[in-house]
Amino acid sequence: MSRALPKYNKRRVAFVGGAAAVALSGTVIAGLALAGESGQRAETARTLAGPGTISCPDVTGQLPAIPASAQAEVDRNLAQLQTQITEANQRLADTVGQGGPNFVQNAILGPLEDKRVAALNRIETAIGRAAAKPDGLEALAGCTLNADGAGTGAGADDGAEATPSEPAGADGNAGAGQDTGNGNAGNGEGAGANTGAGTITCPDVTDELPAIPASAQAEVDRNLAQLQTQITEANQRLADTVGQGGPNFVQNAILGPLEDKRVAALNRIETAIGRAAAKPDGLEAFAACTLTR
């Protein structure tokens with residue numbers, strides 16, 4: 001009896017130990033499987049940046065021969081285009097679940113397109129200083145949100161023409177007019193959530209221009225009219241989005257995009273004047289607008 005009990009205990013210990021080993025092995029296998037799945041999910045998250053990934057048309061393949069004197073500036077702006085996509089994908093990941101049905105378009109894709117228009121205009125201008133200026137690169141500004149294999153937004157990664165974010169188009173084809181905004185340049189002070197009535201005002205540009213050559217007058221007028229159209233559209237968007245977004249909604253979805261559009265229009269004015277006279281510099285200082293509540 002005294003000898004049988006230890007054998008029984010040994011068998012029981014062996015059984016329990018074996019069961020524990022099996023359980024431990026299962027835990028390790030499950031842990032490895034979960035780790036693999038987590039790694040795969042992490043890789044997917046990095047690739048998709050949350051609910052999808054933003055892709056934009058390739059610009060490099062659409063450029064003409066680049067003069068040596070323009071190469072550095074073109075390279076800087078091509079790098080900036082890539083940085084803009086990276087930042088937009090990061091914002092997409094950081095804002096998952098925020099905003100209404102048009103949040104991604106208003107707060108991410110729209111501002112990204114405006115920034116790309118400005119960079120593409122700078123590339124055109126850089127090349128145009130030493131060779132024939134390429135036109136129409138703005139058609140590559142619109143980007144697409146691909147979520148679960150479905151594309152949405154303005155443009156596609158295959159270089160399809162973008163849907164412009166403003167009715168008058170990125171090339172400023174609008175009727176003659178002038179920028180009548182009389183606000184002071186600002187940095188979005190007070191531009192938090194869209195909580196109610198307000199008015200966007202922008203610095204007057206007309207009085208800051210030098211003498212305009214006759215050959216540039218029509219193009220300058222078109223872009224001055226475009227500046228006013230941009231303010232009108234921004235104020236309309238402000239009215240349409242009352243109550244939407246978080247603390248930075250107005251800055252991200254309205255004032256920021258407006259400033260980018262104004263930079264592009266002001267660059268076009270500088271370029272138009274510079275074809276026939278001394279090119280004015282520093283008009284971009286009048287791009288920022290202010291929300292007054």
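The values are calculated or read from the model by the stated rules, or taken from the named source; none is laboratory data. Since the structure is predicted, the reported quantities are computational estimates derived from the model, not experimental observations. With ideal geometry, Cβ positions are generated from the backbone for all residues, glycine too; neighbour counts draw on all protein chains shown. We work out accessible area using only protein heavy atoms, side chains counted, and drop any ligands, DNA or RNA first. Shrake-Rupley method; radii C 1.70, N 1.55, O 1.52, S 1.80 Å.
The figures follow:
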read-out: Number of positions in segment 284-293 that are open to solvent by less than 10 Å² (accessible area, probe 1.4 Å) and under 19 Å from Ala119 (Cα atoms); value: 1
read-out: Identity of the residue in segment 234-248, crowded, with 19+ Cβ neighbours inside 10 Å and aliphatic (A, V, I, L, M), that ends up nearest to Cys289 (Cα to Cα); value: Ala234
read-out: Condition broken by Ile127, with the remaining ones in (1) β-branched (Val, Ile, Thr); (2) modelled with pLDDT of 50 or more; (3) open to solvent by 30 Å² or more (accessible area, probe 1.4 Å) satisfied; value: (3)
read-out: Number of positions in segment 90-103 that are in a loop (DSSP other than H, G, I, E, B) and open to solvent by 40 Å² or more (accessible area, probe 1.4 Å); value: 6
read-out: Condition check for Pro111: at pLDDT below 90 and out of contact with any helix residue (DSSP H, G or I) (no Cβ under 9 Å at 6 or more places or on another chain); value: no
read-out: In segment 114-124, the residues that are open to solvent by less than 40 Å² (accessible area, probe 1.4 Å), among the charged types (D, E, K, R) and at pLDDT 90 or above; value: Arg116, Glu124
read-out: Residue count, segment 49-89 (criterion: open to solvent by 50 Å² or more (accessible area, probe 1.4 Å) and in a loop (DSSP other than H, G, I, E, B)); value: 4
read-out: The listed residue being surrounded by fewer than 14 Cβ atoms within 10 Å (Cβ to Cβ) and either out of contact with any His (no Cβ under 8 Å at 6 or more places or on another chain) or farther than 19 Å from Arg116 by Cβ (or both), out of Pro210, Pro257, Pro280; value: Pro210
read-out: Residues (out of contact with any Phe, Trp or Tyr (no Cβ under 7 Å at 6 or more places or on another chain), of a type in the set (A, V, I, L, M, F, W, C) and within 23 Å of Leu209 (Cβ to Cβ)) located in segment 233-267; value: Ala234, Leu258, Val263, Ala264, Ala265
read-out: Count of segment 260-277 residues which are surrounded by fewer than 16 Cβ atoms within 10 Å (Cβ to Cβ) and within 15 Å of the chain's Cα centre (by Cα); value: 0
